Each structure stands twice: as structure tokens, then as C-alpha cells.
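See structure below.
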Amino acid sequence: MDETPVQLPALGCLELRSHPQRGRGVFTQQAIAKGTLIHISPVLVFSQAEYSEHGKHTCLDHYTYCWRGGTFALALGLGSMFNHEPSGLENVGFVRDMDQALIKYIALRDIAAGDELCICYGPNVWFDIVSDEVRGADAGHSPPEADDFLSSIQL
């Protein structure tokens, strides 16, 4: 792991709130512009053995990210509190920085004050999807501009 110090910028407008169907989630009290670095979460990395023997048998299983070499990472801070929106409806993207054991969360579009900040967990979720938005004809596919935008982020 890279031991270079990492600045952890904090947006003072974020809060944990309860969503009536999704439970606790991250909301913003102020508008956030597209491209804003919202949060950086350090992670704890679990080996395949630790995850297989312990992690997947606990509620932590619902909060892990796939990591390098078949390992899994638990996002600390707000990283484990972002709720799910299906692909293309999420307003926050994330980039894994495996060398520094971090996940960076970036606004994919302008986000209005009061909105919940949601990421896409991927196509294989373990719960019934509750979305605040109506899915369009291209449901299930991220818009190409979101992928282009995230790949342009400098870590």
C-alpha cells in the first residue's frame, strides 16, 4: 500500500438521514456541482480467506466492495452509507484507489439541496430496488458520458 499522506476534503453539507424505504443514507443540505469530490473513504481490506470464513456470514457482506486479487474492502466513513440507485440513475460515482486503499466518491451530475446521494451497487443486488426515479428505455445501462467522466478523474 502507498504510504503517501492523503488530504481528506470534507463537504460540510452532508448528513445522514433516514429514507422511508431504503433506511439510512447520505443527503446534502446544499447543491453540489457535477465533478465535485464528495468524500474519500479509507478501506479495510479483507483477504479471500477472511471474507469467506467470516465476512460473508455477517451484515458486513452488504457493505463490501470487490478489490484487487479477489479480496474485499469495507469502506469506512460515509462510503458504506450511500444507498443504491440502478445504473444510470445514480448521482454519485466512485473510483477505487487500490494503491492507497481508498474509495473516492464524485458527483456525476449537479445534485440539488435535499437530495439523497446514491451510487450504483451493480446489477446483482440482494434486495428489492426502491427508486425515487422512473426508469427509461435505457434502464440498466450507465450513460456513456458517466463512464467518460469518471475515467477523466485524476487520483
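The values are calculated or read from the model by the stated rules, or taken from the named source; none is laboratory data. Note that the structure is predicted; figures quoted are calculated from it, not measured. Cβ: placed from backbone, ideal geometry, glycine included. Neighbour counts: every protein chain shown. These accessible areas exclude ligands, DNA and RNA; they are computed on the full protein's heavy atoms, side chains included. Shrake-Rupley method; radii C 1.70, N 1.55, O 1.52, S 1.80 Å.
For segment 1-48, enumerate the residues that are out of contact with any helix residue (DSSP H, G or I) (no Cβ under 6 Å at 6 or more places or on another chain), assigned to a strand (DSSP E or B) and among the β-branched types (Val, Ile, Thr).
Looking only at segment 1-48, we keep the residues that are out of contact with any helix residue (DSSP H, G or I) (no Cβ under 6 Å at 6 or more places or on another chain), and these are 1-25, 27-38, 40, 42-45, 47.
Filter once more, keeping what is assigned to a strand (DSSP E or B): 14-19, 23-25, 27-28, 32, 37-38, 40, 42-45.
Listed by number, the residues that qualify are THR28, ILE32, ILE38, ILE40, VAL43, VAL45.
Please determine whether any residue of segment 21-35 is exposed (fewer than 14 other Cβ atoms within 10 Å of the Cβ), within 15 Å of the chain's Cα centre (by Cα), over 18 Å from GLY122 (Cβ atoms) and modelled with pLDDT under 95. Yes; the residues of segment 21-35 include at least one that is exposed (fewer than 14 other Cβ atoms within 10 Å of the Cβ), within 15 Å of the chain's Cα centre (by Cα), over 18 Å from GLY122 (Cβ atoms) and modelled with pLDDT under 95.
Using the structure shown, decide if LEU8 is open to solvent by 80 Å² or more (accessible area, probe 1.4 Å) and at pLDDT below 80. Taking the combined requirement at face value, the residue satisfies it.
If you filter segment 64-83 down to residues that are in contact with a strand residue (DSSP E or B) (Cβ under 6 Å, 6 or more places away or on another chain), over 23 Å from GLY12 (Cβ atoms) and not β-branched (Val, Ile, Thr), you find that the one that is most open to solvent (accessible area, probe 1.4 Å) is PHE72.
Going through (1) modelled with pLDDT under 90; (2) surrounded by 14 or more Cβ atoms within 10 Å (Cβ to Cβ) one by one, GLU53 falls short only on (2). Restricted to segment 84-113, and to residues there that are open to solvent by 20 Å² or more (accessible area, probe 1.4 Å) and small (Gly, Ala, Ser), the residue that is nearest to CYS13 (Cα to Cα) is ALA113.
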